[in-house]
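Student: One structure is given below, represented as C-alpha coordinates, and several questions about it will come after.
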Amino acid sequence: MKLASRISTIKPSPTLAITAKANALKAEGRDVISFGAGEPDFDTPDHIKMAAVKAIEEGFTKYTPVDGIVELKDAIISKLGRDNQLTYDRSQIVVSCGAKHTLYNLTQVLFEEGDEVIIPSPYWVSYLDMVLLSGARPVILNTGEAQGFKILPEQLKAAITRNTKAIIMNSPSNPTGAVYTARELAALAEVVSGKEMLVISDDIYEKIIYDDRQFTNIASLSKELRDRTVVVNGVSKTYSMTGWRIGYAAGPEEIIKAMTKLQSQNTSNPTSISQWAAVEALNGNQESVPVMVEEFRRRRDVIVEKLNAIPGITCALPDGAFYVFPDVSSLFGRSYQGQALSNSSDFTAYLLEAANVAVIPGVDFGHDNHIRLSYATSLKNIEEGLKRINSAVKGLS
Ligand code: PMP
Ligand code: GLU
(Lines give C-alpha, C1' and ligand atoms only; values in the text may rest on other atoms or scores of the structure.)
(Ligands and ions follow the chains in the order given, each with its own letter.)
Protein backbone atom coordinates (compact mmCIF):
# COMPACT_ATOMS: atom_id res chain seq x y z
CA MET A 1 0.00 0.00 0.00
CA LYS A 2 1.19 3.51 -0.73
CA LEU A 3 1.29 5.53 2.47
CA ALA A 4 0.98 9.29 2.51
CA SER A 5 4.32 10.85 1.61
CA ARG A 6 4.35 12.97 4.77
CA ILE A 7 5.06 9.92 6.93
CA SER A 8 8.25 9.18 5.01
CA THR A 9 9.69 12.56 6.04
CA ILE A 10 10.14 11.39 9.64
CA LYS A 11 11.76 8.52 11.54
CA PRO A 12 10.59 6.71 14.70
CA SER A 13 11.64 8.40 17.95
CA PRO A 14 15.13 6.92 18.53
CA THR A 15 14.95 7.44 22.31
CA LEU A 16 11.80 5.37 22.50
CA ALA A 17 13.07 2.82 19.96
CA ILE A 18 16.32 2.14 21.83
CA THR A 19 14.54 1.96 25.18
CA ALA A 20 12.09 -0.55 23.67
CA LYS A 21 14.97 -2.58 22.23
CA ALA A 22 16.77 -2.67 25.59
CA ASN A 23 13.54 -3.78 27.29
CA ALA A 24 12.97 -6.49 24.68
CA LEU A 25 16.51 -7.83 25.19
CA LYS A 26 15.94 -7.83 28.96
CA ALA A 27 12.70 -9.76 28.46
CA GLU A 28 14.68 -12.33 26.46
CA GLY A 29 16.90 -12.77 29.49
CA ARG A 30 19.84 -10.58 28.48
CA ASP A 31 21.33 -8.64 31.34
CA VAL A 32 21.12 -5.21 29.69
CA ILE A 33 21.68 -1.98 31.61
CA SER A 34 19.77 0.82 29.94
CA PHE A 35 20.81 4.45 29.98
CA GLY A 36 18.26 5.08 27.26
CA ALA A 37 15.07 6.05 29.00
CA GLY A 38 14.36 9.73 29.39
CA GLU A 39 12.05 9.29 32.33
CA PRO A 40 12.52 9.52 36.07
CA ASP A 41 12.83 6.09 37.67
CA PHE A 42 10.92 7.22 40.79
CA ASP A 43 7.33 6.33 41.51
CA THR A 44 4.64 9.00 41.13
CA PRO A 45 4.17 10.46 44.66
CA ASP A 46 1.32 8.85 46.63
CA HIS A 47 -0.71 12.02 47.16
CA ILE A 48 -0.88 12.44 43.36
CA LYS A 49 -1.96 8.83 42.84
CA MET A 50 -4.63 9.27 45.52
CA ALA A 51 -6.06 12.29 43.70
CA ALA A 52 -6.51 10.04 40.64
CA VAL A 53 -8.17 7.33 42.72
CA LYS A 54 -10.51 9.95 44.16
CA ALA A 55 -11.31 11.21 40.65
CA ILE A 56 -12.31 7.70 39.60
CA GLU A 57 -14.38 7.16 42.74
CA GLU A 58 -16.17 10.47 42.24
CA GLY A 59 -16.98 9.64 38.64
CA PHE A 60 -14.66 12.02 36.80
CA THR A 61 -14.37 9.45 34.05
CA LYS A 62 -16.09 11.29 31.22
CA TYR A 63 -15.09 13.73 28.51
CA THR A 64 -13.92 17.07 29.83
CA PRO A 65 -13.60 20.36 27.95
CA VAL A 66 -11.16 19.77 25.05
CA ASP A 67 -8.57 22.20 26.45
CA GLY A 68 -8.71 20.87 30.03
CA ILE A 69 -10.76 21.27 33.22
CA VAL A 70 -10.82 24.75 34.74
CA GLU A 71 -9.30 23.42 37.97
CA LEU A 72 -6.20 22.31 36.05
CA LYS A 73 -6.02 25.49 34.03
CA ASP A 74 -6.17 27.46 37.28
CA ALA A 75 -3.45 25.26 38.81
CA ILE A 76 -1.27 25.93 35.74
CA ILE A 77 -1.98 29.67 35.93
CA SER A 78 -0.96 29.67 39.62
CA LYS A 79 2.20 27.69 38.85
CA LEU A 80 3.24 30.04 36.05
CA GLY A 81 2.65 33.04 38.33
CA ARG A 82 4.43 31.51 41.32
CA ASP A 83 7.44 29.99 39.55
CA ASN A 84 7.85 32.09 36.42
CA GLN A 85 6.28 35.48 37.22
CA LEU A 86 4.03 35.06 34.19
CA THR A 87 0.36 36.03 34.20
CA TYR A 88 -2.17 34.29 31.96
CA ASP A 89 -5.91 33.84 31.85
CA ARG A 90 -7.76 30.62 31.07
CA SER A 91 -8.12 31.44 27.38
CA GLN A 92 -4.33 31.37 27.12
CA ILE A 93 -3.87 27.81 28.40
CA VAL A 94 -4.42 24.47 26.66
CA VAL A 95 -3.80 21.09 28.28
CA SER A 96 -2.77 18.18 26.03
CA CYS A 97 -1.69 14.54 26.23
CA GLY A 98 1.92 15.24 27.29
CA ALA A 99 4.26 18.05 26.29
CA LYS A 100 5.11 16.07 23.16
CA HIS A 101 1.48 16.36 22.07
CA THR A 102 1.50 20.04 23.00
CA LEU A 103 4.56 20.60 20.79
CA TYR A 104 3.05 18.58 17.98
CA ASN A 105 -0.17 20.64 18.05
CA LEU A 106 1.86 23.82 18.21
CA THR A 107 4.04 22.95 15.21
CA GLN A 108 0.96 21.96 13.23
CA VAL A 109 -0.94 25.19 13.88
CA LEU A 110 2.06 27.48 13.39
CA PHE A 111 4.26 26.14 10.62
CA GLU A 112 3.92 25.37 6.95
CA GLU A 113 5.94 25.20 3.77
CA GLY A 114 8.10 28.27 3.28
CA ASP A 115 8.61 28.81 7.02
CA GLU A 116 11.94 28.39 8.74
CA VAL A 117 12.18 27.20 12.33
CA ILE A 118 15.42 27.68 14.24
CA ILE A 119 16.49 24.69 16.33
CA PRO A 120 19.64 24.95 18.45
CA SER A 121 21.69 21.76 18.28
CA PRO A 122 22.15 19.42 20.12
CA TYR A 123 18.35 19.21 20.12
CA TRP A 124 15.74 16.86 21.51
CA VAL A 125 15.05 14.19 18.90
CA SER A 126 11.42 15.10 18.24
CA TYR A 127 11.79 18.81 17.39
CA LEU A 128 13.31 18.08 14.02
CA ASP A 129 10.70 15.56 12.94
CA MET A 130 7.80 17.65 14.17
CA VAL A 131 9.03 20.63 12.17
CA LEU A 132 9.56 18.42 9.11
CA LEU A 133 6.02 17.04 9.43
CA SER A 134 4.65 20.57 9.40
CA GLY A 135 6.34 21.20 6.03
CA ALA A 136 8.60 23.94 7.41
CA ARG A 137 12.39 23.95 7.07
CA PRO A 138 14.42 23.31 10.23
CA VAL A 139 17.38 25.67 10.53
CA ILE A 140 19.93 24.03 12.78
CA LEU A 141 22.17 26.24 14.92
CA ASN A 142 25.18 24.25 15.98
CA THR A 143 26.68 24.75 19.40
CA GLY A 144 29.74 23.02 20.74
CA GLU A 145 30.99 22.15 24.17
CA ALA A 146 33.25 25.23 24.09
CA GLN A 147 30.17 27.50 24.17
CA GLY A 148 28.49 25.31 26.80
CA PHE A 149 26.15 23.90 24.13
CA LYS A 150 24.31 27.24 24.12
CA ILE A 151 23.64 29.47 21.13
CA LEU A 152 25.23 32.90 21.00
CA PRO A 153 23.33 36.11 20.12
CA GLU A 154 25.39 36.69 16.96
CA GLN A 155 24.66 33.15 15.82
CA LEU A 156 20.95 33.70 16.27
CA LYS A 157 21.09 37.05 14.52
CA ALA A 158 22.80 35.53 11.49
CA ALA A 159 20.20 32.75 11.24
CA ILE A 160 17.10 34.96 11.19
CA THR A 161 15.61 35.61 7.75
CA ARG A 162 12.32 36.96 6.39
CA ASN A 163 10.99 33.42 6.60
CA THR A 164 11.90 32.74 10.23
CA LYS A 165 8.75 31.81 12.08
CA ALA A 166 10.11 30.68 15.44
CA ILE A 167 12.96 29.35 17.53
CA ILE A 168 12.58 26.34 19.81
CA MET A 169 14.42 26.87 23.11
CA ASN A 170 14.93 24.09 25.66
CA SER A 171 16.62 24.93 28.95
CA PRO A 172 17.60 22.80 30.84
CA SER A 173 18.40 20.95 27.65
CA ASN A 174 17.79 17.41 26.59
CA PRO A 175 20.42 16.03 25.79
CA THR A 176 23.17 18.33 27.15
CA GLY A 177 21.72 19.57 30.45
CA ALA A 178 22.77 23.11 29.46
CA VAL A 179 20.93 25.87 31.34
CA TYR A 180 20.72 29.42 29.97
CA THR A 181 21.28 32.16 32.54
CA ALA A 182 18.96 35.17 32.72
CA ARG A 183 21.72 37.28 31.21
CA GLU A 184 22.25 34.91 28.28
CA LEU A 185 18.51 34.85 27.62
CA ALA A 186 18.35 38.65 27.80
CA ALA A 187 21.02 38.84 25.07
CA LEU A 188 19.02 36.44 22.88
CA ALA A 189 15.81 38.33 23.67
CA GLU A 190 17.43 41.49 22.36
CA VAL A 191 18.06 39.78 19.02
CA VAL A 192 14.47 38.51 18.81
CA SER A 193 12.99 41.83 19.88
CA GLY A 194 11.29 43.70 17.04
CA LYS A 195 11.44 40.67 14.73
CA GLU A 196 8.33 38.93 13.44
CA MET A 197 9.08 35.62 15.14
CA LEU A 198 7.91 33.50 18.01
CA VAL A 199 9.81 31.78 20.78
CA ILE A 200 8.77 28.31 21.85
CA SER A 201 10.13 27.70 25.32
CA ASP A 202 10.13 24.02 26.25
CA ASP A 203 10.50 24.14 30.04
CA ILE A 204 9.88 20.46 30.76
CA TYR A 205 13.14 20.13 32.81
CA GLU A 206 12.61 23.42 34.66
CA LYS A 207 12.77 21.88 38.13
CA ILE A 208 15.64 19.50 37.46
CA ILE A 209 18.47 21.94 37.95
CA TYR A 210 21.61 21.76 40.11
CA ASP A 211 24.17 23.71 42.12
CA ASP A 212 21.97 26.72 42.87
CA ARG A 213 21.45 27.53 39.19
CA GLN A 214 18.30 29.55 38.64
CA PHE A 215 15.76 28.74 35.97
CA THR A 216 14.66 31.68 33.83
CA ASN A 217 12.02 31.70 31.14
CA ILE A 218 12.70 34.12 28.28
CA ALA A 219 9.01 35.16 28.38
CA SER A 220 9.50 36.70 31.82
CA LEU A 221 12.11 39.17 30.54
CA SER A 222 9.77 41.68 28.92
CA LYS A 223 6.14 42.23 27.94
CA GLU A 224 7.13 42.05 24.27
CA LEU A 225 8.80 38.66 24.74
CA ARG A 226 5.89 37.38 26.80
CA ASP A 227 3.50 38.22 23.98
CA ARG A 228 5.49 36.30 21.41
CA THR A 229 6.48 33.28 23.52
CA VAL A 230 4.61 30.03 23.87
CA VAL A 231 5.60 28.29 27.10
CA VAL A 232 5.45 24.49 26.97
CA ASN A 233 5.63 22.44 30.14
CA GLY A 234 4.12 19.37 31.77
CA VAL A 235 4.13 17.10 34.78
CA SER A 236 6.07 14.14 33.30
CA LYS A 237 9.54 14.91 34.58
CA THR A 238 8.98 17.03 37.70
CA TYR A 239 6.51 14.63 39.29
CA SER A 240 7.60 11.36 37.71
CA MET A 241 4.34 11.22 35.76
CA THR A 242 5.51 10.20 32.29
CA GLY A 243 2.74 7.65 31.83
CA TRP A 244 -0.10 9.99 32.83
CA ARG A 245 0.36 12.09 29.68
CA ILE A 246 -0.33 15.65 30.75
CA GLY A 247 1.43 18.63 29.15
CA TYR A 248 0.34 22.17 28.50
CA ALA A 249 0.98 25.37 26.62
CA ALA A 250 0.55 28.97 27.72
CA GLY A 251 0.68 31.78 25.21
CA PRO A 252 -1.13 34.15 22.87
CA GLU A 253 -4.88 33.40 22.80
CA GLU A 254 -5.01 33.08 19.01
CA ILE A 255 -2.45 30.27 19.04
CA ILE A 256 -4.02 28.50 22.02
CA LYS A 257 -7.43 28.64 20.33
CA ALA A 258 -6.01 27.08 17.16
CA MET A 259 -4.32 24.31 19.16
CA THR A 260 -7.62 23.62 20.92
CA LYS A 261 -9.42 23.42 17.58
CA LEU A 262 -6.85 20.94 16.27
CA GLN A 263 -7.07 18.91 19.48
CA SER A 264 -10.87 18.81 19.19
CA GLN A 265 -10.36 16.94 15.94
CA ASN A 266 -7.74 14.50 17.14
CA THR A 267 -7.56 13.42 20.80
CA SER A 268 -10.33 15.55 22.35
CA ASN A 269 -9.47 16.16 26.01
CA PRO A 270 -6.47 14.62 27.77
CA THR A 271 -7.46 11.81 30.19
CA SER A 272 -9.89 13.13 32.81
CA ILE A 273 -8.29 11.13 35.64
CA SER A 274 -4.77 12.30 34.77
CA GLN A 275 -5.99 15.89 34.75
CA TRP A 276 -7.12 15.57 38.38
CA ALA A 277 -3.78 13.98 39.28
CA ALA A 278 -2.02 16.93 37.61
CA VAL A 279 -4.10 19.40 39.66
CA GLU A 280 -2.76 17.73 42.81
CA ALA A 281 0.78 17.62 41.40
CA LEU A 282 0.81 21.37 40.78
CA ASN A 283 -1.22 22.52 43.81
CA GLY A 284 -0.21 19.90 46.37
CA ASN A 285 2.83 19.15 48.46
CA GLN A 286 6.08 19.76 46.52
CA GLU A 287 8.43 17.91 48.90
CA SER A 288 9.14 15.03 46.54
CA VAL A 289 10.72 17.34 43.95
CA PRO A 290 13.90 18.42 45.81
CA VAL A 291 14.38 14.86 47.08
CA MET A 292 14.36 13.55 43.49
CA VAL A 293 16.61 16.37 42.26
CA GLU A 294 19.16 15.71 45.03
CA GLU A 295 19.27 12.05 44.05
CA PHE A 296 19.79 13.01 40.40
CA ARG A 297 22.60 15.36 41.44
CA ARG A 298 24.35 12.57 43.31
CA ARG A 299 24.10 10.30 40.27
CA ARG A 300 25.24 13.06 37.92
CA ASP A 301 28.42 13.54 39.94
CA VAL A 302 29.17 9.81 39.90
CA ILE A 303 28.44 9.26 36.21
CA VAL A 304 30.46 12.29 35.07
CA GLU A 305 33.44 11.28 37.19
CA LYS A 306 33.35 7.69 35.93
CA LEU A 307 32.97 8.72 32.29
CA ASN A 308 35.92 11.09 32.50
CA ALA A 309 38.02 8.30 34.01
CA ILE A 310 37.64 6.26 30.80
CA PRO A 311 40.49 7.02 28.37
CA GLY A 312 39.03 8.44 25.17
CA ILE A 313 35.82 9.79 26.72
CA THR A 314 35.31 13.34 27.98
CA CYS A 315 32.17 14.56 29.68
CA ALA A 316 31.11 18.05 30.74
CA LEU A 317 29.19 18.50 34.00
CA PRO A 318 25.56 19.25 33.10
CA ASP A 319 23.65 21.94 35.01
CA GLY A 320 20.23 20.38 34.66
CA ALA A 321 17.97 17.58 33.32
CA PHE A 322 19.09 13.96 33.86
CA TYR A 323 21.32 13.32 30.87
CA VAL A 324 25.04 13.38 30.17
CA PHE A 325 26.33 13.93 26.66
CA PRO A 326 29.96 12.76 26.57
CA ASP A 327 32.28 13.17 23.58
CA VAL A 328 33.45 9.75 22.40
CA SER A 329 34.94 10.84 19.07
CA SER A 330 38.52 10.07 20.00
CA LEU A 331 37.52 6.39 20.01
CA PHE A 332 36.43 6.56 16.38
CA GLY A 333 38.86 4.65 14.18
CA ARG A 334 39.46 2.00 16.87
CA SER A 335 38.14 -1.47 16.04
CA TYR A 336 36.42 -4.49 17.45
CA GLN A 337 36.96 -7.87 15.79
CA GLY A 338 38.36 -6.14 12.73
CA GLN A 339 35.42 -3.72 12.42
CA ALA A 340 36.29 -0.06 12.82
CA LEU A 341 33.92 2.16 14.81
CA SER A 342 33.44 5.32 12.84
CA ASN A 343 30.53 7.19 14.40
CA SER A 344 28.18 7.41 17.39
CA SER A 345 25.82 4.77 15.95
CA ASP A 346 28.69 2.27 15.58
CA PHE A 347 29.83 2.96 19.13
CA THR A 348 26.29 2.60 20.49
CA ALA A 349 25.80 -0.69 18.64
CA TYR A 350 29.15 -1.92 19.98
CA LEU A 351 28.21 -1.07 23.58
CA LEU A 352 24.95 -2.98 23.31
CA GLU A 353 26.58 -5.95 21.62
CA ALA A 354 29.79 -6.25 23.60
CA ALA A 355 28.86 -4.71 26.95
CA ASN A 356 25.09 -5.12 27.26
CA VAL A 357 24.73 -1.38 27.79
CA ALA A 358 22.12 0.72 25.97
CA VAL A 359 22.82 4.40 25.20
CA ILE A 360 21.53 6.76 22.50
CA PRO A 361 23.80 7.86 19.63
CA GLY A 362 24.52 11.58 19.55
CA VAL A 363 23.73 11.73 15.84
CA ASP A 364 20.02 11.59 16.71
CA PHE A 365 20.47 14.84 18.63
CA GLY A 366 22.50 16.39 15.80
CA HIS A 367 26.00 15.68 17.23
CA ASP A 368 27.69 12.55 15.96
CA ASN A 369 30.77 12.90 18.20
CA HIS A 370 28.68 12.25 21.32
CA ILE A 371 26.43 9.70 22.98
CA ARG A 372 23.61 10.36 25.45
CA LEU A 373 23.19 8.53 28.71
CA SER A 374 20.21 9.08 30.96
CA TYR A 375 21.08 8.77 34.64
CA ALA A 376 17.46 8.24 35.61
CA THR A 377 18.52 4.83 36.83
CA SER A 378 19.93 3.53 40.13
CA LEU A 379 23.47 4.28 41.33
CA LYS A 380 24.04 0.52 41.30
CA ASN A 381 23.18 0.40 37.57
CA ILE A 382 25.35 3.45 36.94
CA GLU A 383 28.34 1.84 38.65
CA GLU A 384 27.92 -1.51 36.90
CA GLY A 385 27.12 0.10 33.53
CA LEU A 386 30.16 2.34 33.64
CA LYS A 387 32.37 -0.60 34.60
CA ARG A 388 31.09 -2.37 31.48
CA ILE A 389 31.66 0.65 29.24
CA ASN A 390 35.18 0.95 30.61
CA SER A 391 35.99 -2.68 29.79
CA ALA A 392 34.36 -2.37 26.37
CA VAL A 393 36.53 0.64 25.55
CA LYS A 394 39.62 -1.25 26.76
CA GLY A 395 38.59 -4.10 24.43
CA LEU A 396 38.95 -1.89 21.33
CA SER A 397 42.13 -2.23 19.33
N1 PMP B 1 10.47 18.08 25.62
C2 PMP B 1 11.63 17.46 25.93
C3 PMP B 1 12.89 18.21 25.76
C4 PMP B 1 11.63 16.14 26.39
O5 PMP B 1 12.78 15.54 26.69
C6 PMP B 1 10.41 15.46 26.53
C7 PMP B 1 10.44 14.04 27.03
N8 PMP B 1 9.89 13.11 26.20
C9 PMP B 1 9.23 16.15 26.19
C10 PMP B 1 9.29 17.45 25.74
C11 PMP B 1 7.86 15.51 26.24
O12 PMP B 1 7.49 15.06 27.50
P13 PMP B 1 6.01 14.51 27.76
O14 PMP B 1 5.36 14.28 26.44
O15 PMP B 1 6.20 13.27 28.55
O16 PMP B 1 5.31 15.57 28.55
N1 GLU C 1 12.16 12.78 26.46
C2 GLU C 1 12.58 11.46 26.74
C3 GLU C 1 13.89 11.16 26.03
O4 GLU C 1 14.43 12.00 25.37
C5 GLU C 1 11.52 10.44 26.51
C6 GLU C 1 11.46 9.76 25.18
C7 GLU C 1 10.93 10.68 24.11
O8 GLU C 1 9.77 11.05 24.21
O9 GLU C 1 11.73 11.02 23.25
O10 GLU C 1 14.41 10.09 26.19
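The values are calculated or read from the model by the stated rules, or taken from the named source; none is laboratory data. The model shown is predicted, which means the values in this text are computed figures rather than measured ones. Here the Cβ is made from the backbone with ideal geometry for all residues, glycine too, and neighbour counts use every protein chain on show. Side chains are part of the model used for accessible areas, which takes the heavy atoms of the whole protein and leaves out ligands, DNA and RNA. Shrake-Rupley method; radii C 1.70, N 1.55, O 1.52, S 1.80 Å.
Student: With a 1.4 Å probe and every protein chain left in place, tell me how much accessible area Ser13 has, in Å² to the nearest 10.
Tutor: Roll a 1.4 Å probe over it and Ser13 shows about 30 Å².
Student: Could I ask something else about it? When a/c is below 1.5 the answer is rounded, else prolate if a/b is larger than b/c, else oblate, so apply that to segment 23-109 with a ≥ b ≥ c taken from the square roots of the Cα gyration tensor eigenvalues.
Tutor: Cα axes put segment 23-109 in the prolate bin.
Student: Moving to a separate point now. How about segment 236-321: which GluC sites (Glu not before Pro) there lie in a loop by DSSP and see at most 15 other Cβ atoms within 10 Å?
Tutor: Passing sites in segment 236-321 are Glu287.
Student: If you don't mind, another one. I need the calculated FRET efficiency for the pair Arg82 and Leu3, taking r as the beta carbon distance and R₀ as 35 Å, to the nearest 0.05.
Tutor: 0.15
Student: Moving to a separate point now. Compute the whole-percent fraction of alpha carbon pairs in segment 219-300 spaced more than 17 Å apart.
Tutor: Tail fraction, whole percent: 61.
Student: Suppose the chain between Leu25 and Lys157 were pulled fully straight at 0.36 nm per residue; how much longer would it get relative to their current alpha carbon spacing?
Tutor: Net length gain for the segment: 42.9 nm.
Student: Stretch Gln286-Gln337 to full length: gain in nm at 0.36 nm per residue minus the Cα-Cα span?
Tutor: Contour length minus the Cα-Cα distance gives 13.2 nm.
Student: At a 1.4 Å probe radius, which order do Met259, Met50 fall into by accessible area, largest first?
Tutor: Solvent-accessible surface, decreasing: Met50, Met259.
Student: Mean-square fluctuation check for the chain, GNM, Cα pairs under 10 Å: which of Leu152, Leu225, Leu282 is largest?
Tutor: Leu152
Student: From the square roots a ≥ b ≥ c of the eigenvalues of the alpha-carbon gyration tensor of segment 142-300, which class results: rounded (a/c under 1.5), prolate (a/b over b/c), or oblate?
Tutor: oblate
Student: Right, here's the next one. Quick check of the Kirkwood formula: for segment 274-377, what is the inverse mean of 1/r over all pairs of different Cα atoms, in Å?
Tutor: 15.5
Student: Can I ask one more? Counting heavy atoms of the protein chains only and a 1.4 Å probe, report the per residue accessible area for segment 323-363 as a whole number of Å².
Tutor: 37
Student: Taking the Cβ-Cβ separation of Ala182 and Ile140 as r and a Förster radius of 22 Å, what is the calculated FRET efficiency to the nearest 0.05?
Tutor: The value I calculate is 0.30.
Student: How much of the pair distance distribution for the chain lies past 41 Å, counting alpha-carbon pairs only, in percent?
Tutor: I get 13 percent for the Cα pairs in the chain exceeding 41 Å.
Student: Using only protein heavy atoms and a 1.4 Å probe, report how much of Val109 is accessible, in Å² to the nearest 10.
Tutor: 50
Student: First compute the accessible area of segment 316-397 with a 1.4 Å probe, then give the percent of it belonging to carbon and sulfur atoms.
Tutor: 45
Student: Count the net charge of all other residues whose Cβ sits under 14 Å from the Cβ of Glu305, scoring Lys and Arg as +1 and Asp and Glu as -1.
Tutor: Net of charged neighbours comes to +4.
Student: Where a ≥ b ≥ c are the square roots of the eigenvalues of the C-alpha gyration tensor, would you call segment 166-205 rounded, which needs a/c under 1.5, or, failing that, prolate if a/b is larger than b/c, or oblate?
Tutor: Note, shape of segment 166-205 comes out oblate.
Student: Run the numbers for Gln147 and Asn266: contour at 0.36 nm per residue of separation, minus the present Cα-Cα distance, in nm.
Tutor: Full-extension gain reported as 38.8 nm.
Student: With all protein chains present and a 1.4 Å probe, how do Arg213, Arg372, Arg226 order by accessible area, largest first?
Tutor: If we order Arg213, Arg372, Arg226 from most to least accessible, we get Arg213, Arg226, Arg372.
Student: Picking from Asn269, Asn343, Asn285, which is most flexible by a Gaussian network model of the chain using Cα springs under 10 Å?
Tutor: Taking springs between Cα atoms under 10 Å, the residue moving most is Asn285.
Student: Can you tell me the 0 to 90 degree angle between the C-alpha axis of helix 99-110 and the longest principal axis of the chain, rounded to 10?
Tutor: 60
Student: Using a 1.4 angstrom probe on heavy atoms only, work out the carbon and sulfur share of the accessible area of segment 133-185 in %.
Tutor: 53
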